[in-house]
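The values are calculated or read from the model by the stated rules, or taken from the named source; none is laboratory data. Keep in mind that what you see is a predicted model, and the values were worked out from it rather than measured. Positions of Cβ are backbone-derived with ideal geometry, glycine not excepted, and every protein chain shown enters the neighbour counts.
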């Protein structure tokens, strides 16, 4: 497995970009596009199925369709290529670059208070970087490819 490719698909914080809803090359965008194509022009049928099948869940189809459209137009190039589109306060990308490290655990200051993360994300960040440190990027990447991000 190519080490450089693994690093480019894993943010310095340890999150797997390929599993992020905002990543333009990610699995969520890919599957959203596939589902949109499979559904085709389902909206009029959803409206009819509400009555025909006596199923009120079909009333939510317009919101679902809008959400699916949103997921299928993601445009992020990944945290190593641009500022994070989700966590505006994230400082990890710039910090890791200035410290000359691929991942935060490689920094002598890890864990630090310079991330800009909330408590939830900070816990994930520490856990992810400790895991990469323990098992290496290849094994970590394989694990993350098998798990949902959220």
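The sole residue among 98, 32 that is assigned by TED's automatic domain parsing to the domain that holds residue 121 and out of contact with any strand residue (DSSP E or B) (no Cβ under 9 Å at 6 or more places or on another chain) is 98. Among the residues examined, residue 21 qualifies as under 30 Å from residue 104 (Cα atoms) and out of contact with any strand residue (DSSP E or B) (no Cβ under 7 Å at 6 or more places or on another chain).
Restricting attention to the stretch 101-129, the residues being in a loop (DSSP other than H, G, I, E, B), closer than 15 Å to residue 79 by Cα and either touching a helix residue (DSSP H, G or I) at 6+ places or on another chain (Cβ under 8 Å) or not assigned by TED's automatic domain parsing to the domain that holds residue 84 (or both) number 5. A residue that is exposed (fewer than 11 other Cβ atoms within 10 Å of the Cβ) and either at pLDDT below 95 or in the same structural domain as residue 119 (by TED's automatic domain parsing) (or both) can be found somewhere in the stretch 5-20. Among the candidates 120, 60, 81, 129, the residue that is closer than 17 Å to residue 9 by Cβ, surrounded by fewer than 15 Cβ atoms within 10 Å (Cβ to Cβ) and over 14 Å from the mean Cα position of the chain (by Cα) is uniquely 81.
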